[in-house]
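A short worksheet on the structure shown next.
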Amino acid sequence: MTAAPDPSPLPRNALLVTVAPTGAETAKDDVPQLPTTLEELVGAAKACEAAGAAMVHVHIRDDAHRPTLDLGRLTETVAALRESTDLVVQLSTGGSVHDPLEDRLRVLDAAPDSCSLTMGTVNFGDEVFLNPWPFVRELYRLSRERQVVPEFELFDLGQVAALRRLLDAEGLPYGGRVHCDLVMGVPGGMPGTPPALVAAVGMLPPEVTSWSATGVGRSTLPVALGALSMGGHLRVGMEDVLSYAPGVPVTSNAQLVERAVALGRLAQREPVDGAGAAALLGVRPR
Ligand code: KMH
Ligand code: ZN
């Protein structure tokens, strides 16, 4: 039997806002305000922290602004974000749909605070986001060995069930806390609707100590409002949404964080800072 998780170290009204500023899918040429250089990424992270974000979910780009998992760049990025912010630094191990699994495992060599860990394969628009079970298990074991806290990315209900399977097979992650992000509205995954959110949250294993939700594209607001109403946390950012309103482009990641914080305050939730997020997630002290 698995022990009940420790109670949250934060007040009940605490709100974790994670920003996912870049992603791997949008071209710089199409969206020049997307932060793709290290300088732009650090600038965006600082502005988002000032606006109330506590964690940054990082994808990086090469000199031609294309997605890369280059280890030297990842390591430099982790160092630069730690130097300039107190955000919890989460590296994406999802990368782009074209990244080989070995490269995605190697991301942990950059020693982030946290890493994303997607719980299964999912259609991703016209592509396939590949996460076979042996890869999921290997990445999970590696994260524990390296003392990196995983954030379980759940794109559909099958992946919620797979989290149950993983915890049964492998036990709790490093830090003993279990944090998930429900990524909703990806074409191929669960829709970004309140009924899907209710179903997914209802299926989360009892070991889960915190969860956030992300609505891609036009599902961003319904998912955020639904998540707040259910006591969840929020992930926002230009990885997931590029329109602020119909026909109105997002101008910066901080704009999305500001909106998330404002919605949170309407729901009487107070954003936590990086230290609060680290405590919530069980991140290794630096
Ligand atoms: N870019 C997607 C294929 C993650 O960061 O872990 C995968 C993704 C999930 O963004
Ligand atoms: Zn990502």
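The values are calculated or read from the model by the stated rules, or taken from the named source; none is laboratory data. Keep in mind that what you see is a predicted model, and the values were worked out from it rather than measured. Positions of Cβ are generated from backbone atoms using ideal geometry, with glycine treated the same way; all protein chains shown enter the neighbour counts. Note: areas computed on protein heavy atoms with side chains; ligands, DNA, RNA excluded. Shrake-Rupley method; radii C 1.70, N 1.55, O 1.52, S 1.80 Å.
One table, with the values for the structure above:
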read-out	value
Residue list for the stretch 225-251, restricted to those being open to solvent by less than 10 Å² (accessible area, probe 1.4 Å) and either touching an Asp or Glu at 6+ places or on another chain (Cβ under 7 Å) or not in a loop (DSSP other than H, G, I, E, B) (or both)	227, 234
Residue match in the stretch 63-76 (condition: open to solvent by less than 40 Å² (accessible area, probe 1.4 Å) and part of a helix (DSSP H, G or I))	yes
Of residues in the stretch 81-97 being part of a loop (DSSP other than H, G, I, E, B) and away from ligand 2 (no atom under 13 Å from the Cβ), the one surrounded by the fewest Cβ atoms within 10 Å (Cβ to Cβ)	86
Answer from 26, 37 - the residue that is at pLDDT 95 or above, farther than 18 Å from residue 233 by Cα, of a type in the set (Val, Ile, Thr) and open to solvent by 40 Å² or more (accessible area, probe 1.4 Å)	37
Criterion (more than 16 Å from ligand 2 (Cβ to nearest atom), among the hydrophobic types (A, V, I, L, M, F, W, C), free of Cβ contacts under 8 Å to residues at least 24 places away in the same chain and within 25 Å of residue 86 (Cβ to Cβ)) met by exactly one of 262, 227, 277, 245	262
Output for the stretch 94-130, where each listed residue is more than 14 Å from the chain's Cα centre (by Cα), of a type in the set (Val, Ile, Thr) and either over 23 Å from residue 182 (Cβ atoms) or within 10 Å of ligand 1 (Cβ to nearest atom) (or both)	97, 107, 122, 128
Residue in the stretch 259-278 that is modelled with pLDDT of 95 or more, under 30 Å from residue 161 (Cα atoms) and charged (D, E, K, R) present	yes
